[in-house]
Amino acid sequence: MHETRPAKITSPIVDLGGAHLKLMPIALIVGAIGVGLTYALYAFDLQRFSHIYLVNFAFVLTMCIGCLFFVTISHLTRAGWNVTVRRIAELYAQCLPVLFILFLPILIPLLFSNDGLYVWNQAGWSIDGASTTVIAELNEADAKLPPLEELKKAYLNKTFFAIRWVVYFCIWGGMATFFLRTSLKQDQTGDKKLTSRMQAFSAPAMIAFAASVVFSSMDLLMSLEPLWFSTMFPVYFFAGSVLSALALITLTCLYLQRTGRITDEVTVEHYHDMGKLMFGFVVFWGYIAFSQFLLIWYANIPEETFWYEYRMSLTDGWGVLSIILLVGHLFIPFLFMMGRTMRRNKNLLLIAVIYLLVMHWIDLYWLVMPQYDRAYAHAIEPDGMIQFGVRTLLCDAACTVGVLGLFAGIFFLIVGDKPLVTLQDPRLGEALNHEVH
Amino acid sequence: MANETNNSSDKELVGLLAQFDDPTSLLAACNNAREAGYTKMDAYTPFPVHGIDPALGIKRSFLPFIVLAVALGAVVLGLGMQFYTNGGGIGDWSTDEAAIFPGYRFMISGKPYFSLPANIPVTFEVIVLSSAFATFFGMWIINRLPRLSNPLHRVSRFKRVTNDKFFLMLEAKDDKFDASDSEAHLNQWGAVAIEEVNQDLTDTKLPSWMAPAALIGALLLLIPPVAIFSVYGSTNRKPRLHVVPDMDWQHKFKTQVLSPNIAEKDDPVYLFENRRAMRQPVEGSVRFGSLEDDSEMFRGIKKEFSGQAATVGLKSNVLASTAVQEEENPDQWITGFPEGFKVNEDTLARGKQRFEIYCSVCHGYAGNGDGLVNQRAIALAANGKASWTAAKSLHDPTVTDSVKNPTGRIYDTITNGRNTMGPYRDQIPVEDRWAIVAYVKALQATGITAPGAEATESEAEEAGEPEADESAEPAAETTEPEAEASEADDADTE
């Protein structure tokens, strides 16, 4: 029997209740040790460290970007059902400006040396390996054009790169701060006009968000292989971002409810809808990944295919990872998350979201690490390919724990004693009475 | 409520319809009815009411599983369809023998006949389409649709179900149903009004106008096909109707044509600088399936010598024959038949047929070198009207010697010509050339020589051999007999 619930918060605990004061230092210390340990274990090899660090930084960044999208699209569509989970997304989005600190280990070596993560930053950078002939032909075809490297340097240079990243973080930080502040103000006053303000802000913000995600994804990950280009890549990045953000929000809700917080506000109906969204984005990810692959595969142009060829070759190992991704990131979650029962069962959902986050991490690893192989590992060892061993795995695990620790520390810093659920949102009643058909 | 109607013969009680004024009381009644043990009942509301499914005790539909099964079937169907139509073989996709299913074998963008990435979009669409159909028609079947009438529509009170009233119907088919008991129950559960729903059995007859109307309709439907059929055999001087002009007049050039002046000005501009409207193949490109890398099959040369004279097949006739003669290594020829060719009754019969079309005109049906062209040319030569090198007898020791003239060399002779014999590379396909070789070997094995052939042969040898060594005998002088030969060819082929 269904009864209408009043539009007010009934959970006994709706904030961290001081737990962040204990948790934050632990997380930050673990994080600093983890990252430092990785750097030391890789014998201060900046290239190797930077690449694994980039995987983890991108992991954290995509989740926060996805959360920012979740908040913005909620206002843009005047969503009522997700008001009770929106605050968690707002809090994660607010981590974005602080994440700029975590971006510094990538940016500083780039700015102050001709080394660092990106090949295009190196002094004698030229297009290498498989693509040399293509470039030679391209240049020959139009002798008036300067070499491709020169053309690309107009965009891919350290100054412009740094400026762009400041702009991205300003856009993200501005949006996140606006949404969280306005929402917190509404907690105090209950002013319905604030909802209208956020809604009006969300439309132009979404345009700025889209542009920043497109260019930041190209800068952060696609430019690792400066010759390669795919207009589908930003969408791929975005699909992974939203999927991981939905998983992170669900995971946080599940965790908070297990510790007795916001127990009444997030119901099985919300989990069901989050599950549906995750299912949708699993399919969307697969659709985009395949769209990107199919066009490149069919056109069969060397300057595009080499990127996939390196990742598909079963002989040097990355092909196995590609298959793991295809099966693990698409087929398994597709079948697992299709059913209604699974989405309404908190234990199964917990397994699913952790699994999806692991898969998203592997997805980023698959994007980044083969580039390390191409650009650096071949130079060190003739037969290329990162040698996977206990040491590598330990180092990479340490880096992941480290970055996640730092991220958790930042999150606790942001959360503080803020309420974990919106207190006086005008659509709170709708959310509390939300029911899935 | 009038229970008497239940007894009348032309009506059948379907159930009891109870009206409620708000969703809460309807939900309560549904719960009560379920708890009272009713199983066959349904609720009607102006909008979806939360919690009505569990209140009515409705189990979740098994429609999703129907759709899942159909979708999985569609995967097989979609992939299988493409596999079949593209003639997808398993294994080496470059040869037709590999085809398990002989489909159309369109080579698209140089991709394998069956390539999964290319087939996924189509398979995906087939899944979507069949899932949509499965959902739609599955829903119909589960709901027992289409239904032309529903007795509920005869209850005037029921019309407000799309507006502001809520209804619960207990069906008469339910074991628990009893007209008076159920009515009491419904009253007890707070029904505002209760009505009997009756099926009017007189309605089962068709209205009298319907049969003639259907007949007329069917006749009217025949008009379009009859009209089309009547035009089908007629002639018309009017120009054809162009429904899609873009497809009838395409902006394209056909192959092998000159490009017109596309500038439409005095200063001409052509599509390509050499005035062609098509690109020539890139130098060194090989047509699909024409790589001919099996030197035994295509050149009669052993694999270990395949590096020699590698471009013979690409050179012009004259160049090819000279090149082969210059570079010929007596050990290079294969002595048997290549792996890809089987000597059996069929291939021998084929060889005989081809031999009689292409070779017998000069070499004679028995291979004695007494073909009609040969006889005529010698007659003309005797009158000083032609210069002719007599065709060789295939029973000549230099030809039958399997050491000096192994099968590979005979094949090469047919392919590239030898001495004054021209190349037949362009007229006779590879398999047929080997069939002819097999037939020639069979002819030689018989050892039959025509009476009087010895004489002509020895004369021919004396005359022919020195000339052959020069090997640059101008072709012009042999034109006449060759023309006759080709006429003979045509006649034979027909």
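The values are calculated or read from the model by the stated rules, or taken from the named source; none is laboratory data. Because the structure is a prediction, the values reported are computed rather than measured. Heads up, the Cβs are rebuilt from the backbone with ideal geometry, glycines too, and the neighbour counts pull from every protein chain shown. Areas reflect the complete protein model, heavy atoms only, side chains present, ligands, DNA and RNA absent. Shrake-Rupley method; radii C 1.70, N 1.55, O 1.52, S 1.80 Å.
If you look at the Cα atoms of the protein assembly as shown, you get an Rg and a Dmax of 42.0, 130 Å. Enumerate the residues in the stretch B:145-160 having an amide nitrogen under 20 Å from the point lying 7 Å beyond the Cα of B:LEU63 toward its Cβ. Correct set: B:145-150.
With a Förster radius of 45 Å applied to the beta-carbon distance between A:ILE163 and A:THR189, the computed FRET efficiency rounds to 0.70. A convex hull fitted to the Cα coordinates of the stretch B:107-196 yields 202 cubic angstrom per residue. Note on B:ARG34 and B:ASP200: their simple-model spin labels are 3.6 nm apart, each label 7 Å out from Cα toward Cβ.
Take the Cβ atoms of B:SER402 and A:PHE336, set R0 to 45 Å, and the FRET efficiency comes out at 0.05.
Pairs A:LYS153/B:LYS111; B:LYS238/B:LYS265; A:LYS346/B:LYS59; A:LYS276/B:LYS165: which exceed 28 Å Cα-Cα?
Values: A:LYS153/B:LYS111 36 Å; B:LYS238/B:LYS265 35 Å; A:LYS346/B:LYS59 22 Å; A:LYS276/B:LYS165 33 Å.
In this structure, A:LYS153/B:LYS111; B:LYS238/B:LYS265; A:LYS276/B:LYS165 exceed 28 Å between Cα atoms.
Placing dummy labels 7 Å off each Cα toward the beta-carbon, the span from B:ASP175 to B:MET107 is 7.1 nm. Evaluated on the stretch B:345-446, the Kirkwood hydrodynamic radius is 13.9 Å, with distances taken between all distinct Cα atoms.
In the protein assembly as shown, what percentage of the DSSP-assigned beta bridges are antiparallel, given to the nearest 5? Of those bridges, close to 100 percent are antiparallel.
How much accessible area per residue does the stretch B:11-203 have, in Å², with a 1.4 Å probe? Before the final figure, lay out the partial values.
Values: 11270 Å² over 193 residues.
Value returned for the stretch B:11-203: 58 Å² of accessible area per residue.
The angle between the Cα long axis of helix A:46-76 and the main principal axis of chain A comes to about 40°, on a 0 to 90 degree scale.
Of the residues A:THR392, B:THR24, B:THR39, the one with the largest accessible area comes first in the ranking B:THR39, B:THR24, A:THR392, computed with a 1.4 Å probe on protein heavy atoms. Going from the isolated chain to the complete set of protein chains, the stretch B:107-125 loses at least 40 Å² of heavy-atom accessible area (1.4 Å probe) at B:LYS111, B:PRO117. The gain in end-to-end length when the A:TRP125 to A:GLU150 segment is fully stretched comes to 8.0 nm, 0.36 nm per residue minus the alpha carbon separation. For B:CYS362, the accessible area of its heavy atoms, probed at 1.4 Å with every protein chain present, is near 30 square angstrom. For the pair B:LEU148 and A:SER196, label points projected 7 Å from Cα toward Cβ lie 5.7 nm apart.
For the stretch B:367-377, the Karplus equation 6.51 cos²θ - 1.76 cosθ + 1.60, evaluated at θ = phi - 60°, returns couplings of x, 7, x, 10, x, 4, 4, 4, 4, 5, 5 Hz by residue, with Gly and Pro reported as x.
For chain A, the longest principal axis of the alpha carbon atoms and the long axis of helix A:390-415 meet at an angle near 40°.
Which loop trypsin sites (Lys or Arg not before Pro) in the stretch A:36-119, with loop taken from DSSP, have no more than 13 other Cβ atoms within 10 angstrom of their Cβ?
On the way: sites: A:ARG48, A:ARG78, A:ARG86, A:ARG87; in loops: A:ARG78.
Sparse-neighbourhood loop trypsin sites (Lys or Arg not before Pro): A:ARG78.
Here's the list of lysines a cross-link from B:LYS205 could span, going by alpha-carbon distance under 20 Å and ignoring same-chain residues fewer than 8 apart: B:LYS11. Between B:ARG275 and A:VAL358, the FRET efficiency estimated from the beta carbon spacing at R0 = 60 angstrom works out to 0.45.
So what's the gap between the Cα centers of the stretch B:381-416 and the stretch A:325-345, to the nearest angstrom? The distance from the Cα centre of the stretch B:381-416 to that of the stretch A:325-345 comes to 76 Å.
At a 1.4 Å probe radius, carbon and sulfur cover how many percent of the accessible area of the protein assembly as shown? Show your work: numbers first, answer last.
Details: 30880 of 49720 Å².
Carbon plus sulfur share of accessible area: 62 percent.
Around B:ALA191, what is the net charge, scoring Lys/Arg as +1 and Asp/Glu as -1 over all other residues with Cβ under 12 Å from its Cβ?
Working: positive: B:ARG157, B:LYS165; negative: B:ASP21, B:GLU183, B:GLU195.
Net charge around B:ALA191: -1.
Among the listed pairs A:LYS192/B:LYS159; A:LYS22/A:LYS193; B:LYS303/B:LYS441; B:LYS303/B:LYS352; B:LYS302/B:LYS392, those whose Cα-Cα separation exceeds 32 Å are A:LYS192/B:LYS159; A:LYS22/A:LYS193. Spatially, the stretch B:111-185 and the stretch A:397-421 are offset by 50 Å when compared through their Cα centroids.
For chains A and B, what's the summed buried accessible area, probe 1.4 Å, to the nearest 100 square angstrom? Using a 1.4 Å probe on protein heavy atoms, the buried area is about 1300 Å².
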